[in-house]
Structures are given as C-alpha cells and as structure tokens.
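**Student:** Structure incoming, see below.
A short reminder: the numbers here are calculations on the coordinates, not readings from a lab. None of these values were measured; they are calculated from a predicted model. Note that each Cβ is placed from the backbone with ideal geometry, even for glycine, and that neighbours are counted across all protein chains shown.
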Amino acid sequence: MKSIILLISSAITAAYCSKLVSIPFTAVDRKGIKAAGWGRKKLGALVDVPLENVDLAYLIDIDIGTPPQLFTLLLDTGSSSTWVPIQGCGRYCGYPKHSLAPSNSSTFTTDNLIFSIRYGEGFSRGYYAKDTVTINGVSVPQVNFAVSDYNDGDLTMDGADGIFALGPDSLSIYNNPEKKVIPTFVTTMFEEGIIDNNVFSVYFQPLDYNLIEQKRVNGEIVFGGVKESHIVGNVSYVPTTNQSDFKDYWAVDIDAITVGNDTTTYDRKVVGMVDTGSTLVFLPRDIISLVFKGVKGLRRDFSGQYIVPCQAENLPNITITMNGKDYSITPENYVIKGGLLTLSAENCYTYLQESPPFVDAILGYGFLQQYVSVYDNENKRIGFADRASIE
C-alpha cells in the first residue's frame, strides 16, 4: 500500500478568546512505515495544532532547547515517551535529518535515567532528559523526553527524526528500569498553566487523496480541550479500560459490534485501542468475515489489508457500541477511493484488517475520521463527538 506522511508548517490562530496554536500539515509521498507498539491553571487557555489527514503517520515540528533546535517527530498516542536522536549517532539512528546537541542548550538537564522502548517494528534506547520545548511559539519549560543513541533500522521514517508521544503518563513505566512515571508534554503543559485541562482532542476532515498535491490542511490537534467549531452536538465519554494488559493505553471496552443487522456480543470484555497513529481499523476475524461475506472479487494484499471491487454493492455499516452508545463506520468511509491509494479503476483498498494476535480491536483513522476524539488524562476517559465539516 503506497503511503504518505504529513509535514507541518506553523500558523497562529485564535478563537473563543482562547490562546490557540495551529500547525498545518502538508502531505508528501512516503516510502517507509513506522509502526508504534503497544498545578497552576490559566483560565480559558487552549493550544491547538491544525493537521491534515495522514495515510499512516502524522509529523509535527517542534523546537528543543535554548537556543532552539528543530525536530520533526511522529505523533503517536500508542506510546508515552517522546524521544529524539542525539548528535553523532548517524547510522545507529537511521541518519536523521535533525539530531540533538545537548551541550548547545543552556536549559538541558539529565539524571541519566535509562530509556528503552520496543515498537511493533524495532526499538529505541538512550536516556531521559529535560529541556524547554517550543511548539509554534509556545514554550514549555522542563519537558521530559528521551535522547536516543540507537534505534533499530526498521524505525527509519522518511522525514521523521523521532517520536512525539501522546499516550497516558502511566505507560512510560515500561520504558525505564526504575518504573518511574514520566509526565508527557501534555501533562507538563497543564502543570505549567499553559492549558486549562490535561486533555487533547483530534479532529480529522477526510482527505481527498486526489488533492494531496495541493497540500490541503484538513484537521487539528487541540491541546487543552475541544474547539466548538469542530463538533456537532455533545461529546460522549467512554471510561478507559481496567483490563490489566491495556489499562495504561488509550483503550476502551467495547459492548458489541454490529455488521448490518447482525449484532455480535462477547462473553468477555473486548478491548478497543484508540490510536491516531494507526491508519487501519483492526477488528476480530468473525466481524471481518461478516463485513465481506458474499463480496465477489474480494482479496487481500501481502499485509492482510482487504481489497474490494470499487463498485461493490450492499456493503454493510459497521457499528461499534461503547458505553451504551453506537458509533458507525460506513462503506463510504472504509472503502478508499481515488488518489494515491488507487489500485485500479476496478479495485479499492479498505481501511479494514483482522486484528493482530492478543489485541481485540484497534480504532485507527478509518474510524476516527468520522469523529472528534478527546483524550482526557485527568478523568481517564476518551470522548467521541460527531465532527463538523469545516471548509
């Protein structure tokens, strides 16, 4: 499957008398795939980062240090340790475009706590540090991040230097030998009073793949809350799961999954991981079988992604019930038509794939494009609201 990534340029906007910081994305063709593994308050403050739909990744530009050093990082809600490569690691870090020179920053500090993280493909290691992080003109002091002196070659990403982690703070205990909880960038913003709430939200406007060359901005990540202009109606919240294997992730319990008129319930808790870093929607095999039952011309590519005739008729809606509320994925959203992802005039990729071992479901972009998703660190919950169309 041909993939694309998004680069970010900066722009500052304001709305609702709140401080907002916007960082538009632009799409470029990408060769590689990075797979992620498994105090004071200022009234009315929000920091938002406008973004454009990505096929498999989102990139954000940040500055670290005093004076600032530029980095382009992959946004990842599936991990909680932001990291950048250290200067001089070269081939051990995949020859990144940007690397950190700690001695050049007057605000850099470290206690040399060991950092190590394993992803779906490869790993990264190094040590934790603190420094000032600036995102589109908003500087946050004493932000925790890791300095990597080695990351596996499989993690090499065209245009990305490292990871900008947005997972829950508690997930970081798996990345250091002392099992310390390392506050994320969002938590530090909250503690410094830059945002009102330890919350961020993600808004997508579906990408027209035929318009990628026009580099259209079509979404935002908002630190501190939700923009009213992004949603229709109210946000409905789902508590994060208490399942031991997933309680430290952005993951929720699924009540039922309905395909067309066929509802499947389970005699155990089914967990769905909510992941902005995943393009696809991964669902149990029995659900996928129901979706594509009777579809002529159905096939799969080498990665297991399903391909259907573009004009396939009678494809069903998929409804995922969480905390008593239904959330639907329509064929118009899970069949990818046009642009860079076109196989042919007859055959189209879908956003659907069978779940990997030991994971029930992953709700990636194919699901999230229809909703605004809200990640609430304070109350341990994830919210969903119907997204508004913004031109």
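**Student:** What does the highest-first list of 259-269, 88-98, 186-196, 375-385 look like by mean Cβ count within 10 Å?
**Tutor:** Details: 259-269: 11.6, 88-98: 15.8, 186-196: 21.1, 375-385: 19.1.
Per-residue mean Cβ counts within 10 Å order the peptides as 186-196, 375-385, 88-98, 259-269.
**Student:** Moving on. Compare the peptides 241-250, 221-230, 290-299, 270-279 by average per-residue count of other Cβ atoms within 10 angstrom and give them in order, highest first.
**Tutor:** The most tightly packed comes first, giving 270-279, 221-230, 241-250, 290-299.
**Student:** Kindly flag which residue pairs out of Lys269/Lys293; Lys179/Lys247; Lys130/Lys247; Lys296/Lys337 have an alpha-carbon separation exceeding 21 Å in this structure.
**Tutor:** Lys269/Lys293; Lys130/Lys247
**Student:** Same structure, new question: Per 5 Å bin from zero, what fraction in whole % of the C-alpha pairs of segment 173-332 is there, up to the bin with the longest pair?
**Tutor:** Here the calculated profile for segment 173-332 is 1, 6, 11, 15, 18, 17, 14, 10, 5, 2, 1, 0.
**Student:** Taking every pair of alpha-carbon atoms in segment 237-391, what share in percent sits in each 10 Å bin, from 0 to the bin with the longest distance?
**Tutor:** 10, 41, 34, 13, 1
**Student:** Write out the GluC sites (Glu not before Pro) in segment 275-348 meeting two conditions: DSSP loop, and at most 13 other Cβ atoms within 10 Å of their Cβ. Let's see the in-between values first.
**Tutor:** Numbers: sites: Glu313, Glu332, Glu346; in loops: Glu313, Glu346.
For GluC sites (Glu not before Pro) across segment 275-348 that sit outside H, G, I, E and B with at most 13 neighbouring Cβ atoms in 10 Å, the list reads Glu313, Glu346.
**Student:** Right, here's the next one. Sort Ser289, Ser124, Ser303 by Cβ crowding within 10 Å, fewest neighbours at the top.
**Tutor:** Result, fewest neighbours first: Ser303, Ser289, Ser124.
**Student:** Send over the per residue convex hull volume for segment 303-391, Cα only, as a whole number of Å³.
**Tutor:** Cα convex hull per residue, to the nearest whole number: 153 Å³.
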